[in-house]
Amino acid sequence: MKDLFERIVKDKGPLGKWAKQAEGYYVFPKLEGEISNKMMFNGKEVITWSINDYLGLANHPEVRKADAEAAAEYGMAYPMGARMMSGHTKYHEQLEEECAAFVEKEAAYLVNFGYQGMVSAIDALVTKHDVIVYDIDSHACIIDGVRLHHGKRFTYQHNDIESLEKNLQRATKNAEETGGGILVISEGVFGMRGEQGKLKEIVALKEKYNFRFLVDDAHGFGTLGKDGKGAGFEQGVQDGIDVYFATFAKSMAGIGAFFAADKDIIQYLQYNMRSQMFAKSLPMPMVKGALKRLDMLRTMPELKEKLWENVNALQNGLKENGFNIGKTNTCVTPVFLEGDIPEAMAMVNDLRENYGIFCSIVVYPVIPKGLIILRLIPTTTHTLDDVKVTIEAFSGIRTKLEKGIYKRIGATMI
């Protein structure tokens, strides 16, 4: 019999094998200073494009004041215990009611973390008799939730409605045999490539197939639709979304998330989501802070307007300079380049140290081998000068990449 840890010591995984070269710089980097368009990294000021603070609320004076006052009044511990036992307050209820009203659903349920919540919600919504059909490019929280499912599950090709319909036909046949139902899952915004999910087309399929629809709108909430109400409103199909999910960790610059649906569905989740039944309640400063942030989404449209001014400037500028930003139709801005992992590491080092640009790097196994994504997240706090400097920097690194400079440097980093 082998020692359980023998494999772990020998095989660090596709990303872990680069830990010696990457840790502390490419992965687990330390950005310092106030969250904003410019922060400190490795002792130098850099333009930051890796912070999901879309609306610039992280250091907004009103937000900081609300957070500080709540912390001073309640501390970070209150309420203690899980919601079902001793961690329930009127402010948790108020936040749920306001979230539900904002996205125009009957009810909502708070969860402590988006990732944890999505995994647990999928587990609660289906039984072994049910079938899940989900986009192959879904976020890891959806994939991990589906892994818990003991019944059939089918993936459809990314945003491919023909592929979805073929799998709905398979799912329908299976559900008829088991006596179960069908859950279709998509993202409102696919956070890696920036494409909106084809929610309108998926909802239209309800006329032909009997299924329920769950949408993870982490990147759409606050950035799309009227007043930032999300991708469902952007596409005019919010009513066709049966279970809507959004996180506070992006546009709201906080912690926590919520599900919104009909009252019966929300009550079922309240009594059956194990991640919440057995977890401490969301602390009061985060709850009252979220109430303040949500109010700002409703009453300060200028935040979203400024965000999209920066998004359009960045994306149009990149396209005008010949960069491939894929099919993004959201704030998420991917720049697609070709190269291996060592080349990517050399290029990002150059960007950070010599050009003063900090952005996320995405490589295999998250995306196919030979492809590099430099992922930019525009925010309200960015300036048009930030955009200009960044596009100039990207033009410089593209030339070096094409000349093989990063390949030679990367070879010395292995």
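Counting DSSP beta bridges in the chain, what percent are antiparallel, to the nearest 5? Each step should come with its number before you reach the end.
Details: 26 of 46 bridges.
Counting DSSP beta bridges with both partners in the chain, the antiparallel share is about 55 percent.
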- Message: Output wanted: per-residue J couplings in Hz (rounded whole) for the range 326-342, from phi through Karplus 6.51 cos²θ - 1.76 cosθ + 1.60, θ = phi - 60°, x for Gly and Pro.
- Response: x, 10, 4, 9, 9, 5, 4, 10, x, 10, 8, 9, 10, x, 8, 4, x
- Under a straight-distance cross-link criterion of Cα-Cα below 20 Å, which aspartates and glutamates are reachable from residue 30, leaving out those fewer than 8 residues away in the same chain? 45, 53, 350, 353
- Using alpha-carbon coordinates, inclination of helix 90-102 to the longest axis of the chain, degrees: 80
- When the Cα centres of the range 105-157 and the range 182-212 are compared, how far apart do they sit, in Å? 13
- Message: I need two numbers for the range 100-193: Rg to one decimal and Dmax as a whole number, Cα atoms only, in Å.
- Response: 13.9, 39
- Alpha-carbon Rg with Dmax, taken over the range 217-297, Å: 13.4, 36
- Query: Per residue, how much accessible area does the range 323-414 show when a 1.4 Å probe rolls over the protein heavy atoms, in square angstrom?
  - Reply: 40
- Query: Percent antiparallel among DSSP beta bridges with both residues in the range 81-240, to the nearest 5?
  - Reply: 5
- Centre separation in Å (Cα based) which lies between the range 377-395 and the range 73-87: 42
- Listed here are the pairs 208/250; 65/280; 152/200; 173/280; 198/263; 38/229; which of them are more than 32 Å apart at the Cα? 208/250; 173/280
- In whole Hz, what ³J(HN,Hα) sequence does the range 129-146 give by Karplus (6.51, -1.76, 1.60; θ = phi - 60°), x for Gly and Pro? 7, 8, 10, 10, 10, 9, 5, 5, 9, 4, 4, 4, 5, 6, 4, 5, x, 5
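Can you tally the net charge around residue 190? Count Lys and Arg as +1, Asp and Glu as -1, for every other residue whose Cβ sits under 10 Å from the Cβ of residue 190. It would help to have the intermediate numbers written out before the result.
Values: positive: 193, 327; negative: 135, 137, 187, 195, 216.
Here the count lands on -3.
Give the carbon-plus-sulfur fraction of the accessible surface of the chain in %, rounded to a whole number; probe 1.4 Å, heavy atoms of protein chains only. Walk me through the intermediate numbers first.
On the way: 10070 of 19260 Å².
That share works out to 52 percent.
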- Total formal charge among the other residues, if their Cβ is under 13 angstrom from that of residue 132, Lys/Arg +1 and Asp/Glu -1: +2
- Overall dimensions of the range 1-50 by Cα: Rg and Dmax, Å: 16.6, 53
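If you average the sequence gap of Cα pairs under 8 Å that are 6 or more apart and divide by the length of the range 253-352, what percent do you get for the contact order?
Working: 32 pairs, mean separation 14.1, N = 100.
Result for the range 253-352 is 14 percent.
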- Task: Give a quick list of chymotrypsin sites (Phe, Trp or Tyr not before Pro) in the range 69-134 that DSSP marks as loop, anything other than H, G, I, E or B, with at most 13 other Cβ atoms within 10 Å.
- Result: none
- Would you mind computing, in nm to one decimal, how far apart the modelled labels at residue 64 and residue 97 are, each placed 7 Å from Cα along Cα→Cβ? 3.2
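Find the relative contact order for the chain and round it to a whole percent, using C-alpha pairs within less than 8 Å whose residues are 6+ positions apart.
Numbers: 761 pairs, mean separation 86.7, N = 414.
Worked out over the chain, it gives 21 percent.
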- Item | Largest to smallest principal axis extent of the C-alpha atoms in the range 150-246, angstrom | 44, 25, 25
- Note on the structure: Neighbours of residue 340 by Cβ distance under 11 Å: Lys/Arg at +1, Asp/Glu at -1, summed charge 0
- Under 5 Å from the placed amide H of residue 360, counting only residues 5+ away or on other chains, we find 375
- Under 5 Å, built H, 5+ apart or other chain: amide partners of residue 158: 136, 137
- Between the range 6-33 and the range 252-267, the Cα center-to-center distance that results, in Å: 34
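May I ask you to work out the translational diffusion coefficient for the chain at 4 °C, viscosity 1.567 mPa s, via Stokes-Einstein with Rh from the Kirkwood sum over Cα pairs, reported in whole µm²/s?
Taking Rh from Cα pairs, D becomes 57 µm²/s.
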- Kirkwood Rh for the range 57-150 from C-alpha pairs, in Å, is 16.2
- Give the long-range amide H neighbours of residue 380: residues separated by 5 or more places, or on another chain, with amide H under 5 Å away, using H modelled in the peptide plane at 1.01 Å from N. 55, 56
- Message: Accessible area per residue for the range 70-201 in Å², computed with a 1.4 Å probe and the full protein assembly in place, what is it?
- Response: 46
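How high is the relative contact order of the range 336-414? Use alpha-carbon pairs under 8 Å, at least six apart in sequence, and give a whole percent. Intermediate values should be presented prior to the final figure.
On the way: 80 pairs, mean separation 34.0, N = 79.
Here the relative contact order equals 43 percent.
The values are calculated or read from the model by the stated rules, or taken from the named source; none is laboratory data. What you are looking at is a predicted structure, and each value in this text was computed from that prediction instead of being measured. Virtual Cβ from ideal backbone geometry, glycine too; neighbours counted across all protein chains shown. Note: areas computed on protein heavy atoms with side chains; ligands, DNA, RNA excluded. Shrake-Rupley method; radii C 1.70, N 1.55, O 1.52, S 1.80 Å.
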